[in-house]
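Following this message is one structure expressed as structure tokens.
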Amino acid sequence: MSTIMKGFTSFWILLVPLLWSIHSASAQGILWGIMAIGVFITFRILDFPDMTCDGSFALGGCVSAMLAVNMGWNPYATLIISVIAGALAGAVTAFLHTKCKIPAILAGILTMTALYSINSRIMGQANIPFLGVNTVVSLVKDLFPASMQSIPNFNAWVMLLVGCIFAALVVVLVYWFFGTEIGSALRATGNNEEMVRALGENTDKMKAIGLIIGNALVALSGALVAQSQGYADVGMGVGTIVIGLASIVIGEVVMGRAKTFKFRLISLLLGSVIYRIIIAVVLWMGLKSTDLKLLTAIVVALALTIPKLLGTRASNKAALVNKKGADSDAKN
């Protein structure tokens, strides 16, 4: 009996750190899910392979850190400026593509490359820690009594609450916008640009609006992530596009390509949380942090491949059934 109890105790001791890691990963996943919604707008709705988000994500964090730490701004006010900065980055990409006639992916790469230097200029150093200043997380945390703040992993609970509030606001606003006339035209531009142009709509304007909104959300996510993790870094946006695509694909696989638009938005948040949990579990199992990019690539590849294989398998099975039915009718 004592051996069983010792084994159970050892198992629990190993399991508790994993549970806390999953909890923290879920909180981070919600914040990163806002970025996934921004990538979804450009990548899925607009059908625009926008690489700007790698730079605009870091831009949001850098602007928020610089204003909060160096200039003493309110953390909520820094979020607004971060959103404006991300929108400007999207506008630059839109200008390069629509006015300068630069291919979409190259326009995004040019803006992303420029943003690395711009972010370095904004901060004046490689990173800025949020030491001794308020953040959105700390302000929300202070709203709770001291007795509650002693709860284990309380910071992660607060991050989860903050993430859910901002994610809910973003989902509601995005859902409302794409139900408007402009939003519907933007969705139609991604589906069939030539048809929208034939109807007299300015597709360049639609692309600009989509890029501005998408990068504004990416920058908002970057600012929230920077405040939640306690620092902003020039390189914090590296691989953002891949993480965003991973969240999109995982969410679509889990939700089965939800038919309604609101459930597709929710699936993005769910995909982001699942991705972060996968990362947390793998790190807990001993994978080196330097291998995370490789893991992300593998996760995206599997998430893209499995549905295709299952779809092909189902199609072949249906074709075989139809063929047997046709053969049976021919014999009769």
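For Tyr231, enumerate residues with amide H under 5 Å from its amide H, sequence gap 5+ or separate chain, H modeled in the peptide plane.
Long-range HN contacts for Tyr231: Phe130.
Let me ask something else. Around Lys207, under 13 Å between beta carbons, what's the net of Lys plus Arg minus Asp minus Glu among the other residues?
0
Please find, in a Gaussian network model of the chain (springs between Cα atoms separated by less than 10 Å), the residue of Thr260, Thr135, Thr78 whose mean-square fluctuation is greatest.
Highest fluctuation among the options: Thr260.
Among 173-186, 101-114, how do they line up from the highest to the lowest mean number of other beta-carbon atoms within 10 Å?
101-114, 173-186
I would also like to ask the following. In the chain, what percent of the accessible surface is made up of carbon and sulfur (1.4 Å probe, ligands and nucleic acids excluded)?
Ligands and nucleic acids excluded, carbon and sulfur give 68 percent.
What ranking do 27-38, 191-202 get when scored by the average of other Cβ atoms within 10 Å per residue, highest first?
Order by mean packing, descending: 27-38, 191-202.
Suppose only helical runs count, i.e. DSSP H with n ≥ 4. What mean residue ellipticity at 222 nm does that imply for the chain under -39500 (n - 2.57) per run, divided by all residues and rounded to the nearest 500 deg cm²/dmol?
Roughly -26000 deg cm²/dmol at 222 nm, from the helical runs in the chain.
Now for a different question. Starting from the Cα gyration tensor of the range 66-218, take the square roots of the eigenvalues, sort them a ≥ b ≥ c, and report rounded, prolate or oblate (rounded when a/c is under 1.5, otherwise prolate if a/b is larger than b/c, else oblate).
It is oblate, given that a/c is not under 1.5 and a/b is not larger than b/c.
Using the Kyte-Doolittle scale, find the helices of the chain whose mean hydropathy is at least 0.5 and whose Cα atoms extend 30 Å or more along the helix's long axis, counting only whole DSSP H runs.
Membrane-span-like by this criterion, though nothing is claimed about a membrane: 2-40, 75-98, 154-177, 203-229, 261-284.
Kindly report the accessible area of the chain per residue (heavy atoms of protein chains, probe 1.4 Å, no ligands, DNA or RNA), in Å².
It amounts to 52 Å² per residue over the chain.
Please compute, for the alpha-carbon atoms of the range 142-280, the extent along each of the three principal axes and give them in descending order in Å.
For the range 142-280, the Cα extents along the three principal axes come out at 63, 33, 29 Å.
Computed from these coordinates, which is Cα extents along the principal axes in Å: (1) 68, 50, 33; (2) 80, 71, 34; (3) 87, 62, 35?
The listed entry that was calculated here is (2).
Per 10 Å bin from zero, what fraction in whole % of the C-alpha pairs of the range 103-176 is there, up to the bin with the longest pair?
15, 25, 29, 24, 6, 1
The values are calculated or read from the model by the stated rules, or taken from the named source; none is laboratory data. Keep in mind that this is a model prediction, so the values were computed, not measured. Neighbour counts are summed over all protein chains in view; Cβ atoms, including those assigned to glycine, are modelled from backbone coordinates with ideal geometry. Ligands, DNA and RNA are stripped out before the accessible areas are found, and what is left, the full protein with its side chains, is counted by its heavy atoms. Shrake-Rupley method; radii C 1.70, N 1.55, O 1.52, S 1.80 Å.
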